[in-house]
Amino acid sequence: MSKQEKSLSQFQMALRSFRKSRIGMSCAMILLLLYTMALLADFLSPYSYENEERNYSYCPPTRIHVRDAEGKWRWPFVYGVTFHFDEFHRRIYEEDNTKKYPIRFFIKGDEYKFLGFWRCRIHLVGVEEPGRFYVLGADSRGRDLWSRLLYGARISLSIGLIGVLISFSIGLLVGGIAGYYGGVLDNLIMRICEMFMMIPGFYLMLALRSAVPDTFNSLQVYFSVVVILSFIGWAGLARIIRGMSISLRERDYVLAAKTMGLSDFQIIVRHILPHTLSYSIVAIMLSIPGYILGEAALSLIGLGIQDPIPSWGNLLSEAMGIVYINFAPWILWPGFSIFITVICFNVVGDILRDAFDPLLKGERNI
Amino acid sequence: MRPESLLEIKNLTIGLSEEAENKTIVQGLSLSIFPKTIAALVGGSGSGKTTTGLAVLRLLPPVMDITQGEITFQGKDMLNYSIEQMRQLRGKEIAMVFQEPLYAFNPVFRIGQQMEEVLIYHCSLNKQQREQRILDLLDMVGITEPQRVAQSYPHQLSGGMRQRAMIAQAIAAEPQLIIADEPTSNLDVTLQAHIMDLFRKLKERLNLSILLITHDLGVVTHLADDIFVLSEGRVVESGPTQMILAKPQHRFTQELMETFR
């Protein structure tokens, strides 16, 4: 009896259904992992994002050895590198067998603030100076791509969340108000929405970005990018929520809430918007990739986050020429990260949509 | 001489906004409800009963409009109240019970949460007091497991339980008047009797007045003090229950009585 009687909310039921999906759960796990890595970026990365060593420009990923030149088993170590120029004046790196740097865990390196509070110098892995340890290779200025990828994840992944939060709050509220009141107000709001939807998103983004003064520091640029992205995203949602709200306002419980003396705002927030939640959660999941891609696009063409602060977009801007991709293919890693993140958000959103659909309950098998 | 009436409707006319000239839903309706009495508004479907109930709370659908008449509550003209004044009055002074509580409760919140809304808005109680009050209210309407019901979603309760919970919600802020719109139409006969009995008890206990809107003359015979018979938007017959039942004057009343005999 107790199990049958135990009441589950709509959200709990959807979650239970979602858990049954293996693909959905693995994608959710990957996302969780990515966000955790972004949060702990400064601990997980061997170097800070600014730590550069010009002698290691486009140094390939460092190989880890467990046997030395004489064939003896050793604690994992890396060799130092030397380079010479080839006929195209490109640097060709070679391992220098005379210099050995054992890999150390919890090694002291660049100082950072752990979780933004505690001053700390401990990094998960690394090698003693002057050895360099490039997990994924180095960029043009000899900065560790892995470290920059982790720091970049902070920007790229958080922009999606914050952007979606802002634009959905606006979209839900505006859509709810338009649908609930109807009439002239509804007309006015919807025409404004259409004005936003009329302009192609990318050009609107560029236009808005050009309105931002270029004297902004990196934090200000970050927030202006967030605001620009959410400025574009709210209109589409507002339209759909408005449609739902028009049908929801006719429900008996809305009338009942009115007879209890609730204000219009309370009715919209308590009795109308919660019913759009199953749609909104899915829409949120499916639109986060848009924000991540939007940031990447802006940063890629140099209008978003500015170097030396890394984001996946501006990291990828190094990979704009085929020559560089050919010579140092590891600079494509940020693109791969974007790809994985976007795929995962889409899959999670898709499966959540099924999970929230009451008609599919129990039938879906993925 | 009877005491001053709690709610007085005089010559109320409600028309559709677009074609108010020829299409009226309620025409020249007058009724008065006295403190601690139960008045029944009886009529067939489409006779304007529910519309009248909503008009009292000034919650008519946008297409309808009060074109004439006055509604006074506690001696004050309600039609002149501001939106904010009306909001203060709804739930606090006049509450409503609906025909189908399954739809009148929001399906995504627990019963307790929805009852709490009224308390938050109209009473200044802290969280614990509110929780206690919800349990007391559910107990008052004869629910034996108030704890469980408060934690349930509307769809998990039986029809009778839901209606009781709805009534508990209506009396939460201790209103003077309850408008009950067909409160028993969807219940079986035994439950109807229970709910009617509950109304009678609550009337005594809380000094309530009740405006009972129904199509079923049988339901109101034992309960109502006064009956107003409504047909096609007009009150065709009104008076104390005993008188109406003993000597129905209008043909429509006679027909109604035929059906329940």
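In square nanometres and to one decimal, what's the mean projected area of the convex hull around the Cα atoms of the stretch A:156-256?
On the way: hull surface 30.6 nm².
Hull-based average projected area comes out at 7.7 nm².
Taking a ≥ b ≥ c as the square roots of the Cα gyration tensor eigenvalues, with a/c under 1.5 meaning rounded and otherwise prolate when a/b beats b/c, else oblate, which class fits the stretch B:66-105? Display every interim value, and only then the final one.
Working: a/c = 2.41, a/b = 1.82, b/c = 1.33.
Here the stretch B:66-105 falls in the prolate category.
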Extension length gain for A:Met13 and A:Met197 (0.36 nm per residue less Cα distance), in nm, is 62.8 nm
Could you name the lysines in cross-link range of A:Lys20, using Cα to Cα under 24 Å and dropping any fewer than eight places away on the same chain? A:Lys3, A:Lys6, A:Lys361
At what distance in nm do the modelled label points of B:Met257 and B:Glu204 sit from each other, each positioned 7 Å from its Cα along Cα→Cβ? 2.8 nm
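Under the rule of -39500 (n - 2.57) per DSSP H run of 4 or more residues, summed and divided by the residues of chain B, what mean residue ellipticity at 222 nm is obtained, to the nearest 500 deg cm²/dmol?
Values: 11 runs with 100 residues, N = 261.
Helix contribution divided over all residues of chain B: -11000 deg cm²/dmol.
Can you compute the equivalent ellipsoid semi-axes for the protein assembly as shown, i.e. the square root of 5 times each eigenvalue of the Cα gyration tensor, sorted largest first and rounded to whole Å? Please list the in-between numbers first.
Values: eigenvalues 1016, 135, 72 Å².
With the √(5λ) rule applied to the protein assembly as shown, the semi-axes are 71, 26, 19 Å.
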Relative to the longest principal Cα axis of chain A, at what angle does helix A:22-39 sit, 0 to 90 degrees, rounded to 10? 60 degrees
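Quick check on the protein assembly as shown: of the DSSP beta bridges with both residues there, what percent are antiparallel, nearest 5%?
On the way: 42 of 62 bridges.
Roughly 70 percent of the beta bridges in the protein assembly as shown run antiparallel, per DSSP.
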How large is the convex hull of the C-alpha atoms of chain B per residue, in Å³? 132 Å³
Let me have the relative contact order for the stretch A:280-351, percent, based on Cα pairs under 8 Å that are six or more residues apart. 37 percent
For labels at B:Asp216 and A:Arg91 in the simple 7 Å Cα→Cβ model, what's the distance in nm? 9.0 nm
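So what are the stretch B:141-222's ellipsoid semi-axes, whole angstrom, largest first, if each one is the square root of 5 times an eigenvalue of the alpha-carbon gyration tensor?
Working: eigenvalues 82, 53, 23 Å².
Output for the stretch B:141-222: semi-axes of 20, 16, 11 Å.
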How about A:Lys113: which aspartates and glutamates have a C-alpha closer than 16 Å to its C-alpha, ignoring those fewer than 8 places off in the same chain? A:Asp42, A:Glu50
Under 11 Å, Cβ to Cβ, from A:Ala256 - net charge with Lys/Arg +1 and Asp/Glu -1: -1
Any lysines with Cα under 20 Å of the B:Lys76 Cα? List them, leaving off those in the same chain fewer than 8 positions away. B:Lys10, B:Lys36, B:Lys92
Free-by-geometry Cys in chain A, Cβ-Cβ under 4.7 Å as pairing rule, reported as A:Cys59, A:Cys120, A:Cys193
Sorted from fewest to most neighbouring beta carbons within 10 Å, what does the list B:Thr52, B:Thr184 look like? B:Thr184, B:Thr52
Dimensions of the stretch B:1-111 along principal axes (Cα, Å, largest first)? 42, 40, 32
Amide H neighbours of B:Ser17 at under 5 Å, excluding residues fewer than 5 places away on the same chain, with H built from the backbone geometry, are B:Met64, B:Asp65
Give me the Å³ per residue figure for the convex hull around the C-alpha atoms of chain A. 215 Å³
Can you tell me the 0 to 90 degree angle between the C-alpha axis of helix B:251-260 and the longest principal axis of chain B, rounded to 10? 40 degrees
Give me the percent of DSSP beta bridges within the stretch B:1-152 that run antiparallel, rounded to the nearest 5. 95 percent
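With +1 assigned to the C-beta of every Lys and Arg and -1 to the C-beta of every Asp and Glu, and no other charges, what is the dipole magnitude of the protein assembly as shown about the Cα centre in debye, to the nearest 20?
Numbers: 61 positive and 61 negative charges, 285 e Å.
The dipole magnitude comes to about 1360 debye.
Where nothing but the Cβ of Lys and Arg (+1) and of Asp and Glu (-1) is charged, how large is the charge dipole of the stretch B:199-261 around its Cα centre, in debye to the nearest 20? Before the final figure, lay out the partial values.
Working: 8 positive and 8 negative charges, 47 e Å.
Around 220 debye, computed over the stretch B:199-261.
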Considering every residue in B:151-157, what mean count of other chain Cβ atoms within 10 Å of its Cβ is obtained? 2
Just how far, in whole angstrom, is the stretch B:182-224 from the stretch B:128-168 if you go by their alpha carbon centroids? 18 Å
Peptides A:287-295, B:234-242, A:71-79: what's the order by average Cβ count within 10 Å, highest mean first? A:287-295, B:234-242, A:71-79
Within chain B, percent of DSSP bridges classed antiparallel, to nearest 5: 50 percent
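Bear in mind these aren't lab numbers, they're just calculated from the coordinates by the rules spelled out. Since the structure is predicted, the reported quantities are computational estimates derived from the model, not experimental observations. Note that we place each Cβ from the backbone using ideal geometry, even for glycine, and neighbour counts take in every protein chain shown.
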